[in-house]
Amino acid sequence: MCNQQVKEKNVNSIGENRSLVVIALGAPGSGKGTQCTKLAELLQIPHISSGDMLRAHLRANSSFGGKAQKAIAHGRLVDDNLVLSLVFQRISAMDCAAGFILDGFPRTVEQAQALDAYRFYKSKGSRFGREIVLQLVVRSASLVQRLSGRRVCPSCASVFNVNADASGREASCVFDGSQLVSRTDDCEEAIARRLQIYEQQTLPILSYYAGRVEIAQVDGDQPADAVTAQVLRAIICYSGEKAKPGGLL
Ligand code: AP5
């Protein structure tokens, strides 16, 4: 069997027995969105990004969006009631029955506890499938460079980076031709606050999950395809019966 066939066989068998929930954790700019998008295609389970859902509400000028706008622009966390209701409603959908990938949620220990309580309640107290926490580890200098170079399409929300564009010019969306823009929270002040919140409020989640949930640390400071390969390796490894001990993959 060639490598590609082995990879496909492994990927296809991941969700065969029990549902798989992947929780992607990483600092702003660590590549959670980039990796979760690819992973969702490969594993054929939904990618649920709390940030994307909130930004969709902003674009739609909904009342949810109105309530979240200030917090997002300043790099602060959006109110739990809002975020929990959005995420819980989404993971209750039929297409999440075989599993899903959470990106940007949970973001605090309180959110992780709320997620556990919700899933326990929904599963009527039985085991609710496999959970894997994927932590993307990236140096601070790379994070700031990636965030300041990120551009998004205001129409289709595709994500690009001017650092990857050899011309260094801000381009238009390759999918629909719209002029790319920066995210409002990719300014210096908001980036600093988001990084601080990650250190102070999100990283403690690792201790909350330690010993109960598989945690895989992946070196996110390499080209996106190489990160994807390691992420997949981690998932295949933890989805098999023989889970390997943690460590930077
Ligand atoms: P959210 O959208 O979740 O933002 P974030 O966590 O700050 O993460 P980012 O989206 O900035 O980065 P990413 O890790 O997804 O990186 P990406 O793949 O885009 O949340 C935004 C806000 O919403 C929060 O600040 C908060 O206000 C609110 N919010 C969201 N969830 C919440 C919650 N649970 N509770 C309360 N509030 C919440 O990559 C970044 C750039 O780098 C891109 O340009 C990409 O092309 C590039 N790149 C990616 N990978 C690589 C690579 N390997 N090499 C080089 N470049 C790369």
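Below, the figures for the structure above:
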| quantity | calculated |
| --- | --- |
| Relative contact order %, region 97-228, counting alpha carbon pairs below 8 Å whose residues are six or more apart | 33 |
| Ranked by how many other beta carbons lie within 10 Å on average, peptides 85-91, 60-66 from highest | 85-91, 60-66 |
| Of all accessible heavy-atom area on region 92-216, the percent that carbon and sulfur account for (1.4 Å) | 53 |
| Surrounding net charge for Gly29, when Lys and Arg each add one and Asp and Glu each subtract one, Cβ distance under 10 Å | +3 |
| Amide hydrogen neighbours beyond the local backbone of Gln217, cut-off 5 Å, H modeled | Gln135, Gly247, Leu249 |
| Ranked by how many other beta carbons lie within 10 Å on average, peptides 221-232, 35-46 from highest | 35-46, 221-232 |
| Whole-number percent relative contact order across region 54-138, with pairs defined as alpha carbons under 8 Å at least 6 apart | 13 |
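The values are calculated or read from the model by the stated rules, or taken from the named source; none is laboratory data. What you see is a predicted model, and the numbers here were worked out from it, not measured in a lab. Note that we place each Cβ from the backbone using ideal geometry, even for glycine, and neighbour counts take in every protein chain shown. Note: areas computed on protein heavy atoms with side chains; ligands, DNA, RNA excluded. Shrake-Rupley method; radii C 1.70, N 1.55, O 1.52, S 1.80 Å.
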